[in-house]
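The block underneath contains the structure these notes are about, expressed in structure tokens.
The values are calculated or read from the model by the stated rules, or taken from the named source; none is laboratory data. This is a predicted model, so every value here is computed, not measured. Here the Cβ is made from the backbone with ideal geometry for all residues, glycine too, and neighbour counts use every protein chain on show. These accessible areas exclude ligands, DNA and RNA; they are computed on the full protein's heavy atoms, side chains included. Shrake-Rupley method; radii C 1.70, N 1.55, O 1.52, S 1.80 Å.
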Amino acid sequence: MAAAEKLVFMVTHGPDDPELATIPFVMAAAALASDVEVVLGFQADGVRLVHRGEADTVQAPEFPPLARLMADVRELGGTMLVCSPCIKSRGLAAPDDLIEGAEVVAAGRFIAEITSAPNSLVY
């Protein structure tokens, strides 16, 4: 079934801000459970969240663990796009450095996703 709606979440906060790193995943899981197509775009320090093992260390008070939310988003069909220059500048460019399902992209792909969605949110 094709999703009738689409949301893009741009994730710019990393493990140093657990709440702002977690909220986009809560929102994405809720959207996916409501048959809304979801794309998460990771830029700036947000790319650290898709570094293998990093999400296991993130726990915001009163929220589910980030690693569980990320698994839920992947299982529900969310797309995870990662900024190529951002991972390179942080030394995370090896394919094994990132979690399963994370796709490294350039600016053009982000623009295509954002312009094709009725709404985009930045965290």
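What residue, of Ala21, Ala55, Ala28, Ala60, is in contact with an Asp or Glu (Cβ under 7 Å, 6 or more places away or on another chain) and not polar (S, T, N, Q)?
Unique residue meeting the criteria: Ala60.
Which residue pairs have Cβ atoms under 6 Å apart, sit 6 or more places apart or on different chains, and have a first residue in the range 33-56 that is under 26 Å from Gly108 (Cβ atoms) and a second that is of a type in the set (Ser, Thr, Tyr)?
Pairs found: Val39/Thr79; Gln43/Thr12; Ala44/Thr12; Gly46/Thr12.
Looking at the range 98-111, which of the residues that are loosely packed, with under 11 Cβ neighbours inside 10 Å and in a helix (DSSP H, G or I) is farthest from the chain's Cα centre (by Cα)?
Looking at residues that are loosely packed, with under 11 Cβ neighbours inside 10 Å and in a helix (DSSP H, G or I), I get Gly108.
Mind checking whether some residue in the range 36-50 is assigned to a strand (DSSP E or B), modelled with pLDDT of 95 or more, under 14 Å from the mean Cα position of the chain (by Cα) and aromatic (Phe, Trp, Tyr)?
So far as the range 36-50 goes, yes, one or more of its residues are assigned to a strand (DSSP E or B), modelled with pLDDT of 95 or more, under 14 Å from the mean Cα position of the chain (by Cα) and aromatic (Phe, Trp, Tyr).
If you check every pair at least six apart or on different chains, which have Cβ atoms under 8 Å apart with a residue in the range 96-109 that is at pLDDT below 95 first and a residue that is open to solvent by 70 Å² or more (accessible area, probe 1.4 Å) and assigned to a helix (DSSP H, G or I) second?
Glu100/Arg74; Gly101/Arg74
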